[in-house]
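Participant: Below you will find the structure I want to go over with you.
The values are calculated or read from the model by the stated rules, or taken from the named source; none is laboratory data. What you are looking at is a predicted structure, and each value in this text was computed from that prediction instead of being measured. Glycine also receives a Cβ, built like all others from the backbone with ideal geometry; neighbour counts cover every protein chain displayed.
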């Protein structure tokens with residue numbers, strides 16, 4: 001496990017860089033269980049610090065990867081951290097340094113506030129709205145600080161520790177006529193509130209609602225379009241219809257029993273959601289995962305990447321008018337699920353990864369089953385490329401449509417295929433290899449135009465690379481245990497359980513209550529099917545997480561829709577939405 005004590009000799013270079021730049025040591029370094037430098041900054045120095053990191057520092061931290069908060073009022077293990085009722089956390093990324101930095105600000109009182117940074121990073125707009133919605137932190141200067149995940153009539157801030165976590169903590173629900181009218185009125189869209197203006201004196205506002213239940217918006221997602229004829233003047237995305245308190249649930253479930261909840265975040269990617277969560281817990285607990293378990297994890301994650309990408313490819317072609325490909329690709333996805341069911345016992349949501357390894361060893365005949373699929377899929381992909389990617393109509397609907405530059409992608413927090421379609425060779429599996437990816441050979445598909453067509457092409461080529469990775473897993477699968485023998489693994493090892501009462505009691509408690517994870521903080525990110533997915537976990541030395549933060553790729557991706565849709569046509573918007581590759585559970589959590 002990483003050291004949790006720091007001295008001037010172990011102070012990260014970025015902390016010294018900030019201290020030298022501002023000629024005063026207003027920074028305080030916090031040791032954490034991950035390798036991300038964590039620096040506390042005083043409130044009055046926040047904006048100048050973040051501006052320096054983004055725009056002035058050598059090899060700057062150009063991406064705001066995440067922005068979240070913690071309610072510190074019930075936390076007992078804070079290890080010399082500044083006094084704080086609430087802490088706001090800024091997670092920045094530098095691609096040139098291949099390094100992250102975490103900036104923290106301590107806040108006090110029931111109505112804490114900070115200045116907005118949405119003028120530095122446009123994607124901070126939604127993140128700040130989420131922090132206000134969930135924690136009640138006000139961001140002064142924000143252009144439209146309103147609720148984003150909860151209804152506009154919601155009372156309180158759900159991720160505060162004094163907010164209820166279960167419906168049974170509430171009174172009986174009652175919907176009076178007055179309340180129903182108030183709820184309906186709260187949903188009324190007022191364009192002036194969003195800064196919308198008439199295009200000319202001779203025209204009126206013309207609006208079109210797409211969603212929240214519409215085939216082309218891929219779920220419970222609402223887009224409010226301002227139109228001039230068929231041309232889009234502006235767009236307001238509205239999310240939150242699928243919000244179900246996944247992060248709040250992390251505070252009431254044991255470390256082990258929360259694993260099935262992660263499957264439901266990006267519900268197309270199954271165990272790939274387990275991956276960053278269990279690795280973050282393992283980082284907190286100092287658990288080393290055996291080589292066989294690591295390779296099994298990679299293989300199963302890549303199978304789910306294939307399943308997810310096939311859904312994307314099929315529905316993308318369907319969105320722009322091709323009906324046959326989606327049936328072919330969903331048939332191939334069924335073959336993937338047959339393999340997953342044979343290995344895990346379940347199909348879409350097997351919740352099969354465990355703290356310390358996986359739930360069980362591979363069944364007899366697994367290599368033949370998976371090998372046959374790896375021999376089958378490449379030929380099918382060749383057919384799909386001819387059927388879809390070389391189709392004149394598909395090209396006409398996607399080439400040059402909804403393009404964005406690399407700078408825009410970084411400013412808006414785009415990761416995954418959407419980022420690689422802009423010409424940058426950035427893949428966590430290569431740049432920050434985890435679980436043994438550095439032992440495998442594969443290429444990172446990169447395209448340059450950043451449009452709907454290139455985003456689709458990245459997905460297609462990633463399907464081929466996933467097959468390549470899986471073949472190497474089959475060929476080089478290590479022998480040995482499928483789970484660590486560390487005492488904090490789940491379920492715990494049963495050896496000597498019946499030999500003495502102390503061991504029996506310990507085993508019983510670890511099974512029923514779950515392991516007690518040492519105090520600390522750790523953030524682990526992976527290259528998920530839709531971009532970078534990360535779990536930032538805070539332990540207070542308990543059987544449950546004190547704070548579970550889920551950084552999903554789809555959340556910032558949808559925020560970018562207004563930028564790349566203005567001036568386009570409604571038909572182009574359909575292709576744009578399809579090319580993003582998102583699911584609303586990944587957005588709303």
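Participant: Residue under question is residue 189, and the condition is that it be surrounded by 13 or more Cβ atoms within 10 Å (Cβ to Cβ) and in contact (Cβ under 8 Å) with a residue 24 or more places away in the chain; does it hold?
Facilitator: Criteria met by residue 189.
Participant: Scan (1) under 20 Å from the mean Cα position of the chain (by Cα); (2) surrounded by fewer than 20 Cβ atoms within 10 Å (Cβ to Cβ); (3) outside any helix (DSSP H, G or I) for the single condition residue 413 breaks and write down its number.
Facilitator: Failed condition: (2).
Participant: Restricting to region 221-268, and then to whatever is crowded, with 19+ Cβ neighbours inside 10 Å, farther than 23 Å from residue 355 by Cα and under 18 Å from the mean Cα position of the chain (by Cα), can you tell me which residue is modelled with the lowest pLDDT?
Facilitator: Selected residue: 221.
Participant: With the checklist (1) closer than 17 Å to residue 16 by Cα; (2) more than 18 Å from the chain's Cα centre (by Cα); (3) not in a loop (DSSP other than H, G, I, E, B) in hand, flag the one item residue 100 doesn't pass.
Facilitator: Exception for residue 100: condition (2).
Participant: Anything in region 345-366 that is closer than 17 Å to residue 481 by Cα and surrounded by fewer than 21 Cβ atoms within 10 Å (Cβ to Cβ)? List them, or say none.
Facilitator: Listed by number, the residues that qualify are 359, 360, 361, 362, 363, 364, 366.
Participant: If you don't mind, another one. Would you point out which residue out of 393, 424, 410 is within 21 Å of residue 121 (Cβ to Cβ) and out of contact with any helix residue (DSSP H, G or I) (no Cβ under 7 Å at 6 or more places or on another chain)?
Facilitator: 410 is the lone residue from the list that is within 21 Å of residue 121 (Cβ to Cβ) and out of contact with any helix residue (DSSP H, G or I) (no Cβ under 7 Å at 6 or more places or on another chain).
Participant: More than 20 Å from residue 582 (Cα to Cα), assigned by TED's automatic domain parsing to the domain that holds residue 266 and crowded, with 22+ Cβ neighbours inside 10 Å: which single residue out of 306, 296 fits that description?
Facilitator: Sole residue among the options that is more than 20 Å from residue 582 (Cα to Cα), assigned by TED's automatic domain parsing to the domain that holds residue 266 and crowded, with 22+ Cβ neighbours inside 10 Å: 296.
Participant: Next question, about the same structure. Any idea which of 579, 554, 565 is within 15 Å of residue 403 (Cβ to Cβ) and crowded, with 24+ Cβ neighbours inside 10 Å?
Facilitator: Sole residue among the options that is within 15 Å of residue 403 (Cβ to Cβ) and crowded, with 24+ Cβ neighbours inside 10 Å: 579.
Participant: Do we have any residue at all in region 454-469 that's buried (at least 20 other Cβ atoms within 10 Å of the Cβ), within 24 Å of the chain's Cα centre (by Cα) and not in a helix (DSSP H, G or I)?
Facilitator: No: zero hits.
Every residue, every condition in (1) part of a loop (DSSP other than H, G, I, E, B); (2) in contact with a strand residue (DSSP E or B) (Cβ under 9 Å, 6 or more places away or on another chain), yes or no:
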position: 503; (1), (2): no, no
position: 507; (1), (2): no, no
position: 514; (1), (2): yes, yes
position: 549; (1), (2): no, yes
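Participant: Just one of the numbered conditions (1) farther than 20 Å from residue 289 by Cβ; (2) at pLDDT 95 or above is not true of residue 507; which one?
Facilitator: Result: residue 507 fails condition (2) only.
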